[in-house]
Amino acid sequence: FSYRRSFWIAALLGLAIVMLLGRHRHRFLPILAVLGVALWASVALAGGSEAQSLIVERARELDLSRVASNPSDRYRLGEVRNVTREIRDSPVTGIGLGVPWTVEYSFEYKPGARNYTHVAVLWYWLKLGLVGLAAYLWLMVTAARVAFRISQAARDRLLRVCGTTLLAAVVGIVLIEATATFTGANLRFTVVVGALLGWLGA
């Protein structure tokens with residue numbers, strides 16, 4: 001999936017998690033219906049065909065048969081092919097930080113792109129081996145588990161709300177990092193994630 005699309009999907013998933021874990025779970029379907037009507041009304045009242053065509057185009061992009069026709073998706077598929085081949089060659093230790101992956105399957109890529117991969121799980125495995133893969137998965141699963149426990153067991157209502165929100169955020173991050181690596185690879189994003197995890201720990 002292309003970059004921006006995954007953020008929209010993560011936002012919708014996060015909203016669904018918040019509604020499902022909220023105190024008024026029986027209102028989930030009515031709220032979903034209201035959101036659908038609001039989206040339809042915003043497009044209809046805008047009156048312009050541009051807004052409608054943009055939504056229609058975004059919806060069409062979710063069709064897996066169109067993935068090969070999207071340049072961004074084609075790029076990611078080529079990258080994944082090369083990265084998984086590199087991981088097969090060094091599955092335990094990885095290739096190391098700062099070491100570019102080898103292009104065996106030819107595809108069009110940008111300068112510097114060989115030090116990065118758009119799938120976070122593959123990036124950690126490629127760069128740090130099985131230890132990196134285990135650390136990333138452990139970090140995300142633990143964060144989601146602690147956030148869920150806070151959302152259900154905290155005595156303070158504000159803490160329960162924060163726990164639910166952070167659970168939705170962690171699930172969203174994991175989803176987004178299936179199309180772009182941020183945690184550990186992007187300094188600003190890593191600082192924000194570190195702050196969230198610190199709050200969870202506290």
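Which number in (1) open to solvent by 40 Å² or more (accessible area, probe 1.4 Å); (2) under 24 Å from LEU122 (Cβ atoms); (3) in contact with a helix residue (DSSP H, G or I) (Cβ under 6 Å, 6 or more places away or on another chain); (4) of a type outside the set (Ser, Thr, Tyr) marks the one condition that GLU177 misses?
GLU177 satisfies every listed condition except (1).
Specify which of the listed residues (GLY172, GLY198) is assigned to a helix (DSSP H, G or I) and modelled with pLDDT of 90 or more.
Numbers: GLY172 fails: modelled with pLDDT of 90 or more.
So the residue among GLY172, GLY198 that is assigned to a helix (DSSP H, G or I) and modelled with pLDDT of 90 or more is GLY198.
Could you please tell me which pairs satisfy a Cβ distance under 7 Å, a separation of 6+ or placement on different chains, a first residue in the stretch 158-181 that is over 17 Å from TYR116 (Cα atoms), and a second residue that is in a loop (DSSP other than H, G, I, E, B) and of a type in the set (S, T, N, Q)?
ILE173/THR183
For the stretch 180-189, what are the residues that are open to solvent by 40 Å² or more (accessible area, probe 1.4 Å) and over 17 Å from LEU137 (Cβ atoms)?
Taking the stretch 180-189 and keeping what is open to solvent by 40 Å² or more (accessible area, probe 1.4 Å), we get 184-189.
Those that are open to solvent by 40 Å² or more (accessible area, probe 1.4 Å) and over 17 Å from LEU137 (Cβ atoms): ASN186, LEU187, ARG188, PHE189.
The values are calculated or read from the model by the stated rules, or taken from the named source; none is laboratory data. Computed from a predicted model, the values in this text were never measured in an experiment. Note: ideal-geometry Cβ built from the backbone for every residue, glycine included; neighbour counts use all protein chains shown. Areas reflect the complete protein model, heavy atoms only, side chains present, ligands, DNA and RNA absent. Shrake-Rupley method; radii C 1.70, N 1.55, O 1.52, S 1.80 Å.
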